[in-house]
Amino acid sequence: MLDSQTVEKPLTLMKSQADLRKEVDASGVWSVAQIEALFALPFNELMLKAQETHKTYFPEGDVELATLLSIKTGGCPEDCSYCPQAARYDTDVKAEKLMGLEEVLEAAKAAKAAGSNRFCMGAAWREPKDRDIEKVTAMIKGVKALGLETCATLGMLEADQAQALQEAGLDFYNHNLDTSEDFYRSVISTRGYQDRLDTISNVRAAGMSVCCGGIVGMGESREQRAAFLTQLANLSPYPESVPINHLVPVAGTPLAEQKPLDPLEFVRTIAVARITMPKARVRLSAGRQELGRAVQAMCFLAGANSIFYGEQLLTTGNPEAEQDRALLAELGLKTKKSSKAEVLI
Ligand code: SAM
Ligand code: DTB
Ligand code: SF4
């Protein structure tokens with residue numbers, strides 16, 4: 001687990017890093033204008049700043065592997081415009097019941113055998129019912145007993161539900177802000193930005209680590225991308241894990257025909273996330289199949305140090321595990337050792 005962000009900055013802080021920190025005002029709060037200015041840097045300068053930050057805070061330079069499992073697929077009452085699991089859109093996803101414990105544990109064992117560090121269980125719920133929480137806590141205990149880091153993404157959480165998940169051994173809770181506050185309104189109408197912030201605050205109060213990021217390439221402007229990263233970077237503390245998803249346009253969803261984001265703008269987004277949230281694991285999430293090897297290599301150069309690993313995300317595809325291992329090997333990138341596994345040995 002990462003150190004608290006309140007610890008002193010490394011003594012080896014390079015001059016350019018110190019200059020960079022001055023860009024954040026005395027209260028440590030980023031403005032949208034400062035983050036837009038990072039986006040607007042000449043590409044090589046932005047990449048250099050991102051690499052300096054990465055080297056300072058992650059001298060090992062390893063890549064974390066997180067495996068996803070959809071434990072409850074489809075039939076969701078929400079209207080997130082990007083999501084194939086929303087019941088109201090006519091997609092190929094069929095609604096299923098919550099998976100049984102044994103099936104989840106088999107998938108977690110396979111993820112561990114493939115070298116994964118973290119196992120993330122996702123459910124297409126607006127929010128879990130208390131009886132769902134009971135079933136998911138059994139899954140968390142079982143996955144944790146295998147020596148994997150645990151993560152869940154189940155929708156909005158009340159404070160007592162967050163507490164129950166933490167007590168079962170949940171290390172991370174994923175709940176994304178997804179985009180900037182103003183663009184959010186054109187993407188989702190069934191819950192507000194403040195609902196998301198409230199869930200994140202319940203997760204923090206329960207003592208779990210926060211996994212929070214969003215999606216780029218939904219038609220937002222650069223200013224809105226900057227505003228989204230400003231929201232994340234100003235969470236106090238900022239999330240330990242930051243998944244950056246590239247929209248996967250799925251037939252039947254309102255965003256099915258969305259034009260892809262310029263790949264270099266995606267790389268810039270990763271670099272700005274690295275600079276503004278220096279201790280976070282920045283994860284290349286949905287959309288890697290479309291990015292290709294060269295763009296992914298640039299993302300690692302820009303400071304990405306986590307990926308979703310395994311052939312399937314929730315309902316859409318992801319690169320083959322073998323292909324990912326080959327890419328990391330070719331780039332000379334080590335994978336993160338599982339701290340839990342080391343303890344067990
Ligand atoms: N239902 C829960 C929720 O929305 O919080 C958890 C699962 S939801 C599928 C998790 C995240 O997946 C979303 O917040 C969004 O960032 C991402 N996601 C969903 N569909 C996507 C798509 N088509 N492309 C990229 N990311 C997507
Ligand atoms: C996150 O930010 N991305 C993951 C995870 N958190 C749960 C989900 C990506 C889903 C992509 C679309 C799908 O496979 O259904
Ligand atoms: Fe439901 Fe989550 Fe999909 Fe939104 S992103 S429709 S809440 S499963």
Say each of residue 258 and residue 194 gets a label point 7 Å from the Cα, pointing the same way as Cα to Cβ; how far apart are those two points in nm? 2.6 nm
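In Å², what does the accessible area per residue of the stretch 52-340 work out to with a 1.4 Å probe?
Numbers: 11040 Å² over 289 residues.
Computed with neighbouring chains in place, this is 38 Å² per residue.
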Interchain or long-range residues, amide H under 5 Å from residue 70's placed H: 122
Can you compute the equivalent ellipsoid semi-axes for the stretch 236-345, i.e. the square root of 5 times each eigenvalue of the Cα gyration tensor, sorted largest first and rounded to whole Å? 24, 18, 15
Taking the Cα atoms of the chain, report the difference between the largest and smallest coordinate on each principal axis, in whole Å and largest first. 53, 49, 39
Set the Förster distance to 30 Å, then compute FRET efficiency between residue 312 and residue 95 from the Cβ-Cβ distance, nearest 0.05. 0.95
Taking R0 as 35 Å, what's the FRET efficiency between residue 87 and residue 337 from their Cβ-Cβ distance, rounded to 0.05? 0.30
Given bins 5 angstrom wide, list per bin the percent of all Cα-Cα distances in the stretch 19-172, short to long. 2, 8, 13, 14, 12, 12, 12, 12, 10, 4, 0
In nm, to one decimal, how far is the modelled label at residue 34 from the one at residue 185, with both set 7 Å along Cα→Cβ? 2.7 nm
Holding the Cα-Cα limit at 25 Å, pick out from 279/334; 94/129; 72/112 the pairs that are longer than that. none
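The values are calculated or read from the model by the stated rules, or taken from the named source; none is laboratory data. Since the structure is predicted, the reported quantities are computational estimates derived from the model, not experimental observations. Backbone-built Cβ (ideal geometry, glycine too); neighbour counts: all protein chains shown. Heavy atoms of the whole protein, side chains included, go into the accessibility calculation; ligands, DNA and RNA do not. Shrake-Rupley method; radii C 1.70, N 1.55, O 1.52, S 1.80 Å.
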